[in-house]
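Before I ask anything, here is the structure I am working with.
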Amino acid sequence: MAPDSPTDDIALLPHARAAQRRAVRVLGTAQVFSGLGNGATLSLGSILAVELSGAESNAGFVNTAMTLGSAAVSIPLSTLAVRRGRRVALGIGLAAGLLGQALMVAAVVTRFFPVLLLGAFLVGFGAAVNLQARFAVTDLSEPRHRGRDLSVVVWAVTVGAVLGPNMVGPGAVVSGWLGLPVHAGPFLISGAGMAVGAGIILTGLRPDPLLLRRRLEDAAESPTPAGRPGGPVPLRPGAGWVAGWRIVRAQPTALAAVLTVAGAHAAMVGLMSMTPLHLQHEAGLSGSELGQHPDTVVLIGFTLSLHVAGMYALSPVIGMLADRYGSARVAGAGLTALVAAAALTGIFPHQHLAVVTGLVLLGLGWSAATVAGSTLLVAALRPAERVPAQGFSDAVMSLAAAVSSIAAGPIMGGLGFTGLSAALAGVVVLCGIGVAALLRAPAAAPPRG
């Protein structure tokens, strides 16, 4: 692992500490509201896909579109952050996600499947913001508290993300008030949450943590006016695919971190996205019949809420464990938990308690792998290299989830929920082997230029 850069001492300056405390508060509060944005899509996506397209083979397409949207925008958002700062990048991403929620409502009203997919794609922009916010909070973080700070912002998603899948009931009330189809309401509530989250970031994330860090670094390196705090921010290299890949591949630890989060996200999304359809089948209902059985819809939402709680609720504990015992160990424990979760759902697919327990364990494993893997990535690189690498990591992470979501439907159609669980467990095992090999490899020289 690359040692922390001397410029990490900037996080110890009094004004940097004050800005960091504000960034934690602002980003954490925004995450509470923006976390609502994905909940309705996760809980209703596969069901609406089947209902509007008329084919169960399309069940995973909505979640695939959402993850592709996240993958497509991750690097552009990081490039925008390099040029304009975190505040502008995150705010614009949530604004696009809000448009996606509006299109989801339009799809439910018009019953037009392509509009549903386009809406989900733009909702993925908001999901990308939720991912990049965890890195934004490390811009001014002290090295010994990176895991804690990152995990606090991840934890803040808990409220919105847990409530999101349970918006079917309140959403039905809202739909009734407005004379809309019952499934439109949850997306209206999610959109309102995204709007509030965007407003909090755009108005509250001042000073911008990334721009402030760069000004402080320039002030430490050069006495010229352009380097003084408050002066113009010098342009930095872009954050495209090539830049991110060159940085990550040069450090085995950074590459291990990317492989960890990508494998964990692929396993989590693949299994979670098919769970609503599996539970619908277990209830003996078709897509058209589900609307007449609100108890089953509530049960699906409750199951996903428990899964999402596993993803986020204990993340501060995981962050502290990563700071104390090392990110690599905690990431390994997360991958192990993911394999155990897939084993549980695969062996006992017809027992609802076992499926729920497996989904909670799946969330915990994802949390450990993602928090620890993200912390490992930040620690492995110099400050100037981190934003391009972070955008690359999030893009790979989302692409892996998109591939998993695309494959999940056909695999479940051919091999059942058990076959899907076994396939995803195999993916995690292979990732774990690769991560272990990379962490044993000697560190390369940091990338130049």
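The values are calculated or read from the model by the stated rules, or taken from the named source; none is laboratory data. Quick caveat: nothing in here was measured; it's all calculated off a predicted structure. Note that each Cβ is placed from the backbone with ideal geometry, even for glycine, and that neighbours are counted across all protein chains shown. Calculation scope for accessible area: heavy atoms of the full protein, side chains included, ligands and nucleic acids excluded. Shrake-Rupley method; radii C 1.70, N 1.55, O 1.52, S 1.80 Å.
Across segment 325-338, in residue order, what do the Karplus-derived ³J(HN,Hα) couplings come to in whole Hz, using 6.51 cos²θ - 1.76 cosθ + 1.60 with θ = phi - 60° and x for Gly and Pro?
9, x, 5, 5, 5, 5, 4, x, 5, x, 5, 5, 5, 5
Just how much of residue 245 is accessible, in Å², when a 1.4 Å probe is used and the result is rounded to the nearest 10?
Residue 245 has an accessible surface of roughly 100 Å² with all protein chains in place.
Moving on to the next point. How high is the FRET efficiency from residue 192 to residue 83, r the C-beta distance, R0 30 Å, rounded to 0.05?
Once rounded, the FRET efficiency stands at 0.50.
At a 1.4 Å probe radius, which order do 121, 417 fall into by accessible area, largest first?
121, 417
Determine the per residue accessible area of segment 27-146 with all protein chains present and a 1.4 angstrom probe, expressed in square angstrom.
Accessible surface, normalised per residue, equals 27 Å².
Apply the Karplus parameterisation 6.51 cos²θ - 1.76 cosθ + 1.60, with θ equal to phi minus 60°, to every residue of segment 66-83 and state each ³J(HN,Hα) to the nearest whole Hz, in sequence, with x for glycine and proline.
Listing the rounded values in order: 5, 6, 5, x, 5, 5, 5, 9, 4, 6, x, 5, 5, 5, 5, 5, 4, 8 Hz.
Ignoring everything but the protein chains, give the 1.4 Å probe accessible area of residue 145 in square angstrom, nearest 10.
40 Å²
Same structure again: Arrange the residues 347, 92, 189 by how much accessible surface each exposes, largest first, with a 1.4 angstrom probe.
347, 92, 189
Would you mind calculating the gained length between residue 325 and residue 18 on full extension (0.36 nm times residue separation, minus the Cα-Cα distance), in nm to one decimal?
Value of the extension gain: 107.8 nm.
Under a 1.4 angstrom probe, counting protein chains only, how are 98, 103 ranked by accessible area, largest first?
98, 103
Tell me, what is the 1.4 Å probe accessible area of residue 327, in Å² to the nearest 10?
That residue has around 20 Å² of solvent-accessible surface.
Got the relative contact order for segment 339-383 handy, in percent, Cα pairs under 8 Å and 6 or more residues apart?
31 percent
Oh, and also: What does the highest-first list of 433-439, 192-198, 122-128, 350-356 look like by mean Cβ count within 10 Å?
Going from most to least packed, we get 122-128, 192-198, 433-439, 350-356.
Tell me, what % of the accessible area of segment 376-447 is carbon and sulfur with a 1.4 angstrom probe?
C and S fraction of accessible area: 77 percent.
Still on this model: Taking θ as phi - 60°, what are the ³J(HN,Hα) couplings along segment 136-150 by the Karplus curve (6.51, -1.76, 1.60), each to the nearest whole Hz, with x for Gly and Pro?
Listing the rounded values in order: 4, 6, 9, 4, 10, 7, 5, x, 6, 10, 4, x, 5, 5, 4 Hz.
Okay, next question. Between residue 282 and residue 340, how many nm apart are label points set 7 Å from Cα along the C-beta direction?
2.0 nm
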